[in-house]
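Contents: one structure, followed by commentary.
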């Protein structure tokens, strides 16, 4: 039996409510309050926030997926102004085409190259020819 779609009600989240109520004010006051600390306002921020506010809206299309509960511990809590909160959250939005994934440890390019060189030195390519048995049609009459 297929599962029933239950909307996630993103409009109930704190982030969505803050963005819905204060993002326009944030846009008008960004230059005076945040440009010095966070740099010029990047247009991608407005695009991403508008798409986020439409997320979960069935009229805009949707996809279903499951995620584990990932709530943080109460001691990571900090009080701040709504506009400061928006500035901090939107500062993490990457520009289009910007690479945001970095590989460390075993997945790092340097490690993979090192392993490849070691493996190339230890293993030689061997070509073994084996005769394949003929199919009954090729074998002819017995």
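The values are calculated or read from the model by the stated rules, or taken from the named source; none is laboratory data. Keep in mind the model is a prediction, meaning the values are calculated, not measured. Note: ideal-geometry Cβ built from the backbone for every residue, glycine included; neighbour counts use all protein chains shown.
Would you point out which residue out of 26, 85 is surrounded by 13 or more Cβ atoms within 10 Å (Cβ to Cβ) and at pLDDT 90 or above? Show your work before the answer.
On the way: 85 fails: at pLDDT 90 or above.
After applying the criteria, what remains is 26.
Restricting the search to segment 85-99, which residues are assigned to a helix (DSSP H, G or I) and in contact (Cβ under 8 Å) with a residue 40 or more places away in the chain?
Initially, segment 85-99 is screened for residues assigned to a helix (DSSP H, G or I), giving 85-90.
Scanning segment 85-99 gives 85, 86, 87, 89, 90.
Quick check on segment 62-78. Is at least one of its residues at pLDDT below 90 and surrounded by 10 or more Cβ atoms within 10 Å (Cβ to Cβ)?
Looking only at segment 62-78, we keep the residues that are at pLDDT below 90, and these are 62-78.
Going one step further and asking which of them are surrounded by 10 or more Cβ atoms within 10 Å (Cβ to Cβ), we end up with 62.
Yes; the residues of segment 62-78 include at least one that is at pLDDT below 90 and surrounded by 10 or more Cβ atoms within 10 Å (Cβ to Cβ).
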